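Chemist: Can you keep this structure in mind? I'll have questions shortly.
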Amino acid sequence: MSDANGFALMTDQGYSKGVNEAETTEAILLRTYEFSETSLIVHWFSRDYGLIKTVIKGATGPRSRYKGMLEAFTVADVSFQPPRGDSDLSKLIDLELVRQYSGLGSSYHRLLVASYLGALVGHWLEGAQEERGIYDLLGRALGYVNEKTIEWKAVTYFEKQLASELGYGTNQAVLQQSASAKLTQLRIKVRESIAQKSGR
């Protein structure tokens, strides 16, 4: 993985338009949750607005226009209507596929590593804030995990770069200190999987 493109300060950008107007941004799909029988709540990490939570009605229905587009770590141009009132859910207006990482879908090992990186980033996201440095870092990391032989030092490198983007220098220990038990366990599984693959 290459060096992060400098240090990105976290600033609260908010949404540039009114709540009745659509915003569009490139985003990485981090996670989906079942909302109803055929609808999903999708968490996106966007280039311009940080974490976005969208409701996609009929997403899993037989006639869904988004079939095959909602796989983990799909990159898409997302058009959405910002949340209203006290809700943190945005309404999805449109979705245009940018890229998918085919290697993640065909390898449990690669998906496991990507899931840890995505969960770690998701743990630190703070809503509608521009996080371009972290977004670009995660994008490069996913490309690496999708294609290369994964080494543990690459995972710790990602952690150090994330810590730097968050303002903690390269002190990755800060990330572990605040991690949930589930995230810590996922990290252990990633390390074990990498060791098993490398024969160490």
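Read-outs: derived from the displayed coordinates by stated rules, not from any lab. Just so we're clear, the structure is a prediction, and the values are computed from it rather than from any experiment. Glycine gets a Cβ as well: all are built from the backbone with ideal geometry, and neighbour counts include every protein chain shown.
Chemist: Around ILE93, which amide H atoms from residues at least 5 apart in sequence, or from another chain, sit under 5 Å from its own amide H, with H modelled in the peptide plane?
Modeler: SER79, PHE80, GLN81
Chemist: Could you give the nm distance between label points at ASP86 and GLU126, where each point is 7 Å from its Cα heading toward the beta carbon?
Modeler: 2.3
Chemist: Name the residue from GLN196, TYR168, GLN185 whose Cα lies farthest towards the positive end of the charge dipole of region 103-198, charges +1 on Cβ of Lys and Arg and -1 on Cβ of Asp and Glu.
Modeler: Positive-end residue among those listed: GLN196.
Chemist: Cut-off under 14 Å on the C-alpha distance; same-chain residues fewer than 8 positions from LYS189 excluded. Which aspartates and glutamates are left, in chain and number order?
Modeler: GLU151
Chemist: Quick check on packing: order 153-165, 29-41 by the mean number of other C-beta atoms within 10 Å, highest mean leading. It would help to have the intermediate numbers written out before the result.
Modeler: On the way: 153-165: 19.5, 29-41: 15.6.
With the highest mean Cβ count within 10 Å placed first, the list reads 153-165, 29-41.
Chemist: Still on this structure, I have one more. What's the ranking of 135-141, 46-52, 97-103 by average number of surrounding C-beta atoms within 10 Å, highest first?
Modeler: Details: 135-141: 20.3, 46-52: 22.6, 97-103: 15.3.
Taking the mean over residues of other Cβ atoms within 10 Å, the ranking is 46-52, 135-141, 97-103.
Chemist: Quick one: angle between helix 108-124 and the longest Cα principal axis of the chain, in degrees between 0 and 90, rounded to 10, please.
Modeler: 70
Chemist: Over 30 Å between Cα atoms: which of LYS67/LYS148; LYS57/LYS148; LYS57/LYS153 fall into that group? Before the final figure, lay out the partial values.
Modeler: Values: LYS67/LYS148 28 Å; LYS57/LYS148 36 Å; LYS57/LYS153 41 Å.
Among LYS67/LYS148; LYS57/LYS148; LYS57/LYS153, the Cα-Cα distance tops 30 Å for LYS57/LYS148; LYS57/LYS153.
Chemist: Could you rank the peptides 54-61, 87-94 by their average count of other C-beta atoms within 10 Å per residue, with the highest value first?
Modeler: Details: 54-61: 18.0, 87-94: 15.6.
Order by mean packing, descending: 54-61, 87-94.
Chemist: Mind checking which of SER102, LEU70, GLY118 is farthest towards the positive end of the chain's charge dipole, using Cβ charges of +1 (Lys, Arg) and -1 (Asp, Glu) about the Cα centre?
Modeler: After comparing all options, I get SER102.
Chemist: Run a plain Debye calculation on the chain (Cα atoms as equal point scatterers, no solvent) and give log10 I(q)/I(0) at q = 0.09, 0.10, 0.12, 0.19 Å⁻¹, rounded to two decimals, same order as the q list.
Modeler: Log10 I(q)/I(0), no solvent term: -0.34, -0.43, -0.61, -1.42.
Chemist: Relative contact order for region 103-198: what percent, with Cα pairs under 8 Å and sequence separation of 6 or more?
Modeler: Numbers: 64 pairs, mean separation 30.8, N = 96.
Relative contact order for region 103-198 comes out at 32 percent.
Chemist: Any aspartates and glutamates with Cα under 13 Å of the LYS91 Cα? List them, leaving off those in the same chain fewer than 8 positions away.
Modeler: GLU21, GLU23
Chemist: Can you tell me the orientation of helix 152-165 relative to the chain, as the angle in degrees between its alpha-carbon axis and the longest Cα principal axis, to the nearest 10?
Modeler: Taking Cα atoms only, the helix is inclined about 50 degrees.
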